[in-house]
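To keep things clear, I will list the structure first and then write my remarks on it.
The values are calculated or read from the model by the stated rules, or taken from the named source; none is laboratory data. None of the values given here were measured: they were computed from a predicted structure. When we count neighbours, we look across all protein chains shown, and the Cβ atoms used for this are built from the backbone with ideal geometry, even at glycine. What goes into the accessible areas is simple: the full protein's heavy atoms, side chains included, and nothing from ligands, DNA or RNA. Shrake-Rupley method; radii C 1.70, N 1.55, O 1.52, S 1.80 Å.
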Amino acid sequence: MDIKEDSEASESDKKSDSVGDKMPEIQYDVTAVKTRLAGYPDDYEALCESDAFVVVHGQVKSGFEKWEQFLLNTERGDATLDIVQFTEEGDAIITNLTYAENSYYVVVDSTRDAWGIGDYWEEKFAYCNVILKEGRVVVVMSKDKVDESVLEEYHEDMGVYHLLQYEITE
């Protein structure tokens, strides 16, 4: 999966067995994912030092290499990644992104968010769109092909979810 310029942004290519060495298949188990996400610490510093890709208010804090490895692994087979982001109030939102069985599965744990729903949310998507726009990377999950217009607003009726965004630093 490549990061694409604005006008080149498109769906993630469906993975084929002919791309390099095939990674072992991941058996997607939403209960196991929720249990793992619940096991993350509540403390900010401990979360930043965890084994996840951590983004704080649009800035990559740690684990960028895990994000890059996830993208590489999806080209060779199945992959999984935990992402930690923080609300404006400093509460952690922990997300698992898994590519398995030719689909992307997203599980969001907002149980640490005092102002949120305080529960888990899960959804299955066909595409992971990684778009480079104005010095930022925007990752949009979708059920159907989408274009750049999804960056302007949330399109729940289209089955689109804005997973994450972060600034590109030199």
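What to note about this one:
- Radius of gyration and Dmax over the Cα atoms of the range 40-165, both given in Å: 14.2, 39
- Taking amide H as placed 1.01 Å from N in the peptide plane, the amide H of T80 sits under 5 Å from that of Y99, each at least 5 places away or on another chain.
- In nm, spacing of pseudo-spin labels at D43 and T169 (7 Å Cα→C-beta vector): 2.3 nm
- Ranked packing of 114-124, 33-43, most packed first, by mean Cβ within 10 Å: 33-43, 114-124
- The packing ranking of peptides 136-143, 65-72, highest mean first, is 136-143, 65-72, where packing means the average number of other beta carbon atoms within 10 angstrom of each residue.
- Scoring 88-94, 76-82 by mean Cβ neighbours within 10 Å over their residues and listing the highest first yields 76-82, 88-94.
- Solvent-accessible surface of the range 43-170, taken per residue with a 1.4 Å probe and all protein chains present: 48 Å².
- FRET efficiency for T31 and E148, using Cβ-Cβ distance with R0 set to 25 Å, rounded to 0.05: 0.10
- Net lengthening on full extension, K133/D119 (0.36 nm per residue, minus Cα-Cα): 1.9 nm
- Within the range 43-109, all pairs of alpha-carbon atoms sorted by distance into 5 Å bins from zero give the percentages 4, 18, 27, 24, 15, 9, 4, 0.
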